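Below is one structure, written out as structure tokens; the observations come after it.
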């Protein structure tokens with residue numbers, strides 16, 4: 001646990017039900033300040049620097065550009081709500097203040113932090129608390145929406161009808177403004193209500209750690225190298241040549257989208273990338289009739305794309321990306337039932353829902369570690385924190401007793417598969 005993460009845990013203010021009710025009533029009367037110029041931003045930053053915690057949300061548009069257009073940042077300090085008119089302001093200092101904030105509270109912060117990292121160029125945040133993650137621990141519902149969370153936890157009804165509206169339009173409609181305000185108006189109270197439940201169940205440290213893990217995962221996703229973007233679409237059935245083409249085309253698409261500031265799906269949709277990988281076109285005619293690449297993109301980028309494909313196909317085998325490890329596949333459910341049993345047992349012991357304890361992706365990676373005798377450093381990050389003693393002392397030994405069946409189900413004896421692919 002980092003120093004910042006520890007400070008989040010140590011300084012957590014646990015509100016009792018009466019305090020939450022009082023704060024909920026007070027939140028309905030909070031003053032709202034629009035921040036539209038330098039002086040207003042300076043006053044907002046001066047206020048933020050005195051706070052131990054704030055609640056945040058953002059509104060943005062990313063329909064026809066590579067870079068999202070940040071339209072609005074909403075902040076609740078507990079005493080006031082700020083609506084920051086992002087397009088009008090230089091937010092360089094603002095990002096620094098947020099990075100140094102002791103505690104930032106969000107709900108479902110995935111897209112918000114993606115924009116944060118893109119625009120701020122800061123390091124991975126360690127001061128994030130996501131109420132959606134907290135709710136997953138308390139309800140086993142992994143992606144509970146904000147509207148449902150407020151209804152269930154605080155008996156508050158808010159509308160979500162403006163989520164897809166034009167947030168760059170000025171002035172905002174009354175409905176848009178109310179929607180933006182409500183996105184943070186009750187978020188501190190929601191945090192307090194959840195925090196009290198987490199404390200009662202001794203889950204605060206676990207949730208805090210998972211929030212920081214998520215913030216780091218989002219940072220890594222926002223900073224992936226172009227040459228590594230292919231991994232999101234890589235398939236264990238692809239040959240080395242196909243993986244080389246996938247890597248080259250994915251990197252080319254990413255760089256072109258960034259340079260032209262358009263969504264990468266405008267250049268090549270995922271299906272078109274898959275078509276290229278399976279068909280391996282070498283001529284414009286082949287590219288035109290054997291892939292789903294859009295005609296306008298063919299005219300603009302077809303010859304350039306063919307050059308990328310042909311150069312990738314010409315790579316020597318030693319220079320191709322390593323094969324992807326085959327996932328475990330078997331009609332025999334012995335291993336999965338055994339793993340599920342110890343996950344259920346640990347759920348009963350810790351109070352953490354089974355689907356929070358072990359993600360499917362983590363389990364697949366865990367199978368790879370056991371089947372290929374990989375070092376424990378290869379474990380996914382989510383299994384290296386508070387789950388680590390349980391994973392190494394209980395889960396891995398259990399899976400190891402089924403190692404032969406596991407290897408058979410993963411084709412480990414097949415020489416086509418390389419450990420480097422993991």
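Being closer than 30 Å to residue 139 by Cα, crowded, with 16+ Cβ neighbours inside 10 Å, outside the structural domain of residue 213 (by TED's automatic domain parsing) and at pLDDT 95 or above is true for just one of 398, 366. Which residue is that?
Values: 398 fails: crowded, with 16+ Cβ neighbours inside 10 Å.
Sole residue among the options that is closer than 30 Å to residue 139 by Cα, crowded, with 16+ Cβ neighbours inside 10 Å, outside the structural domain of residue 213 (by TED's automatic domain parsing) and at pLDDT 95 or above: 366.
Taking residue 166 and the conditions (1) buried (at least 22 other Cβ atoms within 10 Å of the Cβ); (2) in contact with a strand residue (DSSP E or B) (Cβ under 8 Å, 6 or more places away or on another chain), which numbered condition does it fall short on, given that it satisfies the others?
(1)
Does residue 130 count as under 18 Å from residue 84 (Cβ atoms) and buried (at least 17 other Cβ atoms within 10 Å of the Cβ)? Spell out how you get there, then give the answer.
Numbers: under 18 Å from residue 84 (Cβ atoms): no; buried (at least 17 other Cβ atoms within 10 Å of the Cβ): yes.
No; evaluated as a whole, the condition is false for this residue.
Would you confirm whether any residue within the stretch 292-314 is surrounded by fewer than 20 Cβ atoms within 10 Å (Cβ to Cβ) and either under 30 Å from residue 395 (Cβ atoms) or touching a strand residue (DSSP E or B) at 6+ places or on another chain (Cβ under 6 Å) (or both)?
No, the stretch 292-314 contains no residue that is surrounded by fewer than 20 Cβ atoms within 10 Å (Cβ to Cβ) and either under 30 Å from residue 395 (Cβ atoms) or touching a strand residue (DSSP E or B) at 6+ places or on another chain (Cβ under 6 Å) (or both).
From the list 283, 278, 288, 208, which one is within 30 Å of residue 353 (Cβ to Cβ) and touching a helix residue (DSSP H, G or I) at 6+ places or on another chain (Cβ under 8 Å)?
208
Consider residue 138 carefully, then state whether it is buried (at least 17 other Cβ atoms within 10 Å of the Cβ), outside any helix (DSSP H, G or I) and at negative phi.
Values: buried (at least 17 other Cβ atoms within 10 Å of the Cβ): yes; outside any helix (DSSP H, G or I): no; at negative phi: yes.
Answer is no for this residue.
Restricting attention to the stretch 348-357, does a residue exist that is in contact (Cβ under 8 Å) with a residue 24 or more places away in the chain, out of contact with any helix residue (DSSP H, G or I) (no Cβ under 7 Å at 6 or more places or on another chain) and not in a helix (DSSP H, G or I)?
yes
Among (1) at pLDDT below 95; (2) outside any helix (DSSP H, G or I); (3) out of contact with any helix residue (DSSP H, G or I) (no Cβ under 6 Å at 6 or more places or on another chain), where does residue 162 come up short?
Evaluating residue 162 over (1) at pLDDT below 95; (2) outside any helix (DSSP H, G or I); (3) out of contact with any helix residue (DSSP H, G or I) (no Cβ under 6 Å at 6 or more places or on another chain) leaves (3) as the failure.
Counting residues that are without any contact (Cβ under 8 Å) to a residue 24 or more places away in the chain, which strands (runs of 3 or more DSSP E) fully inside the stretch 48-135 reach at least 1? Steps first, answer last, please.
Details: elements: 53-61, 69-76, 81-84, 103-106, 128-130.
In the stretch 48-135, the matching strands (runs of 3 or more DSSP E) lie at 69-76.
Confirm whether residue 121 is under 20 Å from residue 207 (Cα atoms) and surrounded by fewer than 23 Cβ atoms within 10 Å (Cβ to Cβ).
Values: under 20 Å from residue 207 (Cα atoms): no; surrounded by fewer than 23 Cβ atoms within 10 Å (Cβ to Cβ): yes.
Spelling it out, it is not the case that residue 121 is under 20 Å from residue 207 (Cα atoms) and surrounded by fewer than 23 Cβ atoms within 10 Å (Cβ to Cβ).
For the stretch 45-63, which positions are at pLDDT 95 or above and over 13 Å from residue 93 (Cα atoms)? Talk me through it step by step, then tell me what you get.
Here is the first cut: in the stretch 45-63, the ones at pLDDT 95 or above are 45-59.
Listed by number, the residues that qualify are 47, 50, 51, 52, 53, 54, 55, 56, 57, 58, 59.
Please count how many residues of the stretch 247-284 are in contact (Cβ under 8 Å) with a residue 60 or more places away in the chain and buried (at least 22 other Cβ atoms within 10 Å of the Cβ). Break it down into steps so the answer makes sense when it comes.
Keep residues of the stretch 247-284 that are in contact (Cβ under 8 Å) with a residue 60 or more places away in the chain, which gives 247-249, 257-258, 260-264, 266.
Still in the running and buried (at least 22 other Cβ atoms within 10 Å of the Cβ): 247-249.
The number of residues fulfilling the criteria is 3.
Every residue, every condition in (1) part of a helix (DSSP H, G or I); (2) touching a residue at least 12 places away in the same chain (Cβ under 8 Å), yes or no:
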position	(1), (2)
323	no, yes
330	no, yes
345	yes, no
363	yes, yes
395	yes, yes
399	yes, yes
408	yes, yes
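I'd like to check something: does the stretch 177-197 contain any residue that is part of a loop (DSSP other than H, G, I, E, B), surrounded by 15 or more Cβ atoms within 10 Å (Cβ to Cβ) and on the phi < 0 side of the Ramachandran plot? Please lay out each step first, then the result.
First, pick out the residues of the stretch 177-197 that are part of a loop (DSSP other than H, G, I, E, B): 186.
Checking which are surrounded by 15 or more Cβ atoms within 10 Å (Cβ to Cβ) leaves us with 186.
Those still in the list that are on the phi < 0 side of the Ramachandran plot too: 186.
Within the stretch 177-197, one or more residues are part of a loop (DSSP other than H, G, I, E, B), surrounded by 15 or more Cβ atoms within 10 Å (Cβ to Cβ) and on the phi < 0 side of the Ramachandran plot.
Could you list, in sequence order, all residues of the stretch 13-44 that are at pLDDT 95 or above, assigned to a loop (DSSP other than H, G, I, E, B) and surrounded by 11 or more Cβ atoms within 10 Å (Cβ to Cβ)? Step through it out loud before you land on a result.
Narrowing the stretch 13-44 to residues at pLDDT 95 or above: 30-44.
Filter once more, keeping what is assigned to a loop (DSSP other than H, G, I, E, B): 30-31, 36-37.
Residues satisfying the conditions are 30, 36, 37.
How do the helices (runs of 4 or more DSSP H) wholly within the stretch 226-321 filter down when requiring 1 or more residues that are modelled with pLDDT of 95 or more and farther than 30 Å from residue 61 by Cα: which remain? Explain how you work it out, then say what you get.
Values: elements: 240-260, 264-267, 270-279, 284-290, 295-313.
Helices (runs of 4 or more DSSP H) meeting the threshold: 240-260, 270-279, 284-290, 295-313.
Among the residues of the stretch 141-159, write down those that are closer than 15 Å to residue 20 by Cβ and not in a helix (DSSP H, G or I).
Residues satisfying the conditions are 155, 156.
The values are calculated or read from the model by the stated rules, or taken from the named source; none is laboratory data. These numbers were taken from a predicted model, which means no experiment stands behind them. Every residue, glycine as well, gets a Cβ built from its backbone with ideal geometry; the counts of neighbours run over all protein chains shown.
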